[in-house]
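Worksheet for the structure shown next.
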Amino acid sequence: MISSGQVWPTIDGPLGLTEEASVDYARRFYKFGFALLPWLWAVNCFYFWPVLRHSRAFPQIRNYVVRSAIGFSVFTALLSAWALTFSIGGEELFGPVWDKLVMYNVADRLGLAGLA
């Protein structure tokens, strides 16, 4: 394993962004993650992985990357809980409300199923 003495803020190493540009990108990825694009939080964590690994390096960037990791973890937990609730619980869990929650019967509800 080759180890260099210098730590870079991005996974690109010396080909990546400068520290000033990295702070700007990390901030943008973090803020746009709140615009219902939480996959940007995952991109932020991946792209700035060296910042997560080295806790004392780049404190300005680390603030946004750690928050992105927390946000993506919470989003993933909520999405998984929602998906498992619908896939495991289904009609037994929701009862008569189930027909209003699912989308596979929209054509029946709108009277479009018999048209051909």
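The values are calculated or read from the model by the stated rules, or taken from the named source; none is laboratory data. Just so it is clear, the structure is predicted and the values come from calculations on it, not from any experiment. Don't worry about glycine lacking a Cβ; one is built from the backbone with ideal geometry, like all the others, and counts go over all protein chains shown. In case anyone asks, the SASA skips ligands and DNA or RNA and just uses the protein heavy atoms, side chains included. Shrake-Rupley method; radii C 1.70, N 1.55, O 1.52, S 1.80 Å.
Here the label points at residue 15 and residue 70, each 7 Å from Cα along the C-beta direction, are separated by 3.4 nm in the simple model.
Using alpha carbon coordinates only, what is the Rg to Rh ratio of segment 9-110, with Rh defined as the Kirkwood radius? Show your work: numbers first, answer last.
Working: Rg = 19.6 Å, Rh = 15.9 Å.
With Rg and the Kirkwood Rh in hand, the quotient comes to 1.24.
Computed 3J(HN,Hα) for segment 56-72, one whole-Hz value per residue from the Karplus formula 6.51 cos²θ - 1.76 cosθ + 1.60 where θ = phi - 60°, is 8, 8, 6, x, 5, 6, 4, 4, 6, 6, 5, 5, 5, 5, 5, x, 5, glycine and proline marked x.
How large is the accessible surface per residue of the chain, computed with a 1.4 Å probe and reported in Å² as a whole number? Show your work: numbers first, answer last.
Values: 8460 Å² over 116 residues.
On a per-residue basis, the chain sits at 73 Å².
Ligands, DNA and RNA left out, the 1.4 Å accessible surface of the chain is 66% carbon and sulfur atoms.
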